[in-house]
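Right, one structure below, let's go through it.
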């Protein structure tokens, strides 16, 4: 392995999530996508009714194991384990992915999350949410849970640019994200920031500015998720794309751009994702993203041909 690539990358040119999990837990760990039975303030009328313009009816949890009528989280975990049995026999991270998973009373959240982490096959908890749904009592709850098993809080920032945030109807401003970031860090929680690359109207420099913004956050978040924009059937984004087609990445352009992004990330920031999965039944564009193996092979080839790695162009302020 080249000397400039840290040993804990486990042979990859970037600090991938599976490398981090293997280093931390000593074995491969798989995430189970679960449904906590919540909605979103950007859907139920509190701040909006249509959701973010790119978000499907499944609330970004199209691959999650659906919530069962009894609400028994152990039963849902067992069903989710069955769905991934060919890929993994465990252990697992309980990933509450659909909609906004702190958008409920703290008593409900405590029962749900405690139930999940009490399962013997669950090593940790990952909670997908919005920064405007992280009241301090909920941050404190997650902090208490984090003392039992590790807790990741995944925040959908998508972009640092307010004009884009308004166009996609994100529903909160950058200062709201920054406040949540500070409070999560203060509680000792592992924060993962979600970014979408290729949002309509954003230039290459706009996207790089967002990546550099996340790279420069102090304290540094635990990780970042990078994904291309998926245009999905039934969304307002799909209607916009149909009526006035906007640029979407080709595979080669996306791979090249993401490698440039990773070069600017701190070496110890965990890269939880470099691509994304849109349900094939809903995917309008880019269609190439449905072939994940081909995409990942293109990334391996791109890093090799450019002889580059995470942090190569990172400058600590």
**OP:** List 96, 246, 54, 113 from most exposed to least, where exposure is judged by having the fewest other Cβ atoms within 10 Å.
**Re:** 246, 54, 113, 96
Original post:
Using Cα pairs under 8 angstrom and six or more residues apart, how large is the relative contact order of the chain, in percent?
Top reply: 17
Original post:
Tell me, in nm to one decimal, what length is gained between residue 240 and residue 27 on full extension, where the rule is 0.36 nm per residue of separation less the Cα-Cα distance?
Top reply: 72.3 nm
Original post:
Hey, fewest Cβ within 10 Å first, where do 251, 114 land in order?
Top reply: 114, 251
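Between residue 108 and residue 305, how high is the FRET efficiency from 1/(1 + (r/R0)^6) when r is the Cβ-Cβ distance and R₀ = 45 Å? Nearest 0.05.
Values: r = 50 Å, r/R0 = 1.12.
Taking R0 as 45 Å, the efficiency between residue 108 and residue 305 is 0.35.
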**OP:** Give the label of the value calculated from the structure for semi-axes √(5λ) of the Cα gyration tensor in Å, choosing from [x] 31, 25, 19; [y] 27, 24, 20; [z] 40, 24, 18.
**Re:** [y]
**OP:** Mind telling me which of 268, 44, 236 comes out most flexible in a GNM of the chain, alpha-carbon contacts under 10 Å?
**Re:** 44
Subject >> Computed FRET value (nearest 0.05) for residue 10 with residue 49, which takes r as the C-beta separation and R₀ as 41 Å >> reply: 0.35
**OP:** Please report 209, 7 as a ranked list, fewest other C-beta atoms within 10 angstrom at the top and most at the bottom.
**Re:** 7, 209
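Each reported figure results from applying straightforward, stated rules to the coordinates on display, with no laboratory input. Please read all numbers here as calculations on a predicted model, not as lab measurements. Counting neighbours? That spans all protein chains shown, and the Cβs are built from the backbone with ideal geometry, glycine included.
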